[in-house]
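Read the structure below first, then the notes.
No value in this document is a laboratory result; all are computed from the given coordinates. Everything quoted here is computed from the prediction, not taken from an experiment. Note that each Cβ is placed from the backbone with ideal geometry, even for glycine, and that neighbours are counted across all protein chains shown.
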Amino acid sequence: MASRPLGRGGLRAGPLSFGAAVIGNLYRAVGDDTADGAVRAALAAGVRYFDTAPHYGLGLSERRLGHCLADVPDKLISTKVGRLLVSDPDGADRRDDEGFDVPADYRRVLDYSRDGVLRSLESSLKRLNVDRVDVVFVHDPDDHYREALDGAFPALEELRAQGVITSYGAGMNQSAMLTDFVRHTDLDVVMLAGRYTLLDQSALDDLLPLATERAVSVVAAGVFNSGILATDRPSPDANYNYAPAERSLIDRATRIAEICERHGVSLPQAAAQFPLRHPAVATVCLGTRTAAQAGRNAELFGRPVPGDLWQELASTGLART
């Protein structure tokens, strides 16, 4: 599959990008060798875009990417601002309580101000071992709309003008506020998690049409909706949006899986490729923990999903395609 523009600064991304939260020890610890193997396997599969954030393992994800990608000339990196890491030596004997298996020797301070953005990015550049970064997202500003609009976005506009970054935007689990940011700022890329998937096409009602109109690129994340679409058939105890899935959703996902099977396609393959049907979507970001997983993720894009499958999903009302 061909690369697509990522923002308006000349960047391009392939269909698959590397989500680095899991190599920040999301939910369970990952050894350095395992993390390195995942990155190397992704590179071997042609992946060049890697997404991270200070939030992921209290900087561990950024440090690991900085080490693994140090000798890669054509890498593309995005990181995030909004959660400033502040040293907390008293927490060194505790574990992080926000889902990452790391010592709590730093604490996250939500800060969407201009100063917070500049301090956060400066620290990220050091951890990533680079002097500039390609894309910066304002991370989850759901409850900090005004601060992001008045502080974070103007700061990122300055950084883009100075050449410190190439593109900027916001990353969220909702489309409504992202749509508002697209309308009221000059951002050129957004990361949308979970709102344009086989089970949730709500972004078709607001974000995606406006993104197309304003030449804003979309990075699609959370395409498996917390796991319900990650296996050939959803399990009875599958999760959807970080919580146990309702029976009706499991039944709907099962019906989609049955249609996929008839067309010789797995449910994860269809889920991974579905967002790319929209012209605003530049790439699909999949979390990658191991070399084996990097290989499996690449295989999901190995051959196009037949058009007849999309047509059947549309005709049966199971997905707006």
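DSSP beta bridges confined to the chain are antiparallel in about 25 percent of cases.
For Asp188, the residues 5 or more places off, or on other chains, whose built amide H falls under 5 Å of its own are Tyr168.
Computed 3J(HN,Hα) for the range 144-156, one whole-Hz value per residue from the Karplus formula 6.51 cos²θ - 1.76 cosθ + 1.60 where θ = phi - 60°, is 9, 4, 5, 4, 5, 5, 8, x, 5, 5, x, 5, 5, glycine and proline marked x.
Summarised as an ellipsoid, the range 19-137 has semi-axes of 23, 18, 10 Å, derived from the eigenvalues of the Cα gyration tensor scaled by 5 and square-rooted, with the largest first.
Computed over the range 231-321, relative contact order equals 25 percent, with contacts defined as Cα pairs under 8 Å that lie 6+ residues apart.
When only Cα pairs below 8 angstrom with a gap of at least 6 residues are kept, the chain shows a relative contact order of 19 percent. For the range 68-199, the relative contact order comes to 22 percent (Cα pairs under 8 Å, sequence separation of at least 6). According to the calculation over all Cα-Cα pairs in the chain, the P(r) per 10 Å bin from zero is 6, 27, 36, 24, 7, 0 %. Evaluating 6.51 cos²θ - 1.76 cosθ + 1.60 at θ = phi - 60° for every residue in the range 255-271, the Karplus couplings come out as 4, 5, 4, 5, 5, 4, 4, 5, 9, x, 10, 7, 4, x, 5, 5, 5 Hz, glycine and proline recorded as x. Amide H contacts for Ala13 (H built 1.01 Å from N in the peptide plane; partners 5 or more residues away or on another chain; cut-off under 5 Å): Arg4, Leu6. With contributions of -39500 (n - 2.57) from each DSSP H run of at least four residues, the per-residue ellipticity at 222 nm computed over the chain stands at -9500 deg cm²/dmol. Residue by residue, the range 118-131 carries 3J(HN,Hα) couplings of 5, 5, 5, 5, 4, 5, 5, 4, 5, 5, 7, 6, 9, 9 Hz when phi is fed to the Karplus relation 6.51 cos²θ - 1.76 cosθ + 1.60 (θ = phi - 60°); x denotes Gly or Pro.
Peptides 86-96, 55-65, 167-177, 237-247 ordered by packing proxy, namely the average of other Cβ atoms within 10 Å per residue, highest first: 55-65, 167-177, 237-247, 86-96.
The distance between label points at Asp90 and Ala70 comes to 3.5 nm (points 7 Å beyond Cα on the Cα→Cβ vector).
Ranked by Cβ crowding within 10 angstrom, fewest neighbours first, how are Ile228, Ile250 ordered?
Arranged by neighbour count, lowest to highest, Ile228, Ile250 become Ile250, Ile228.
Once backbone amide H atoms are built at 1.01 Å from N, Val102 has Asp96 as its partners under 5 Å, excluding neighbours fewer than 5 places away on the same chain.
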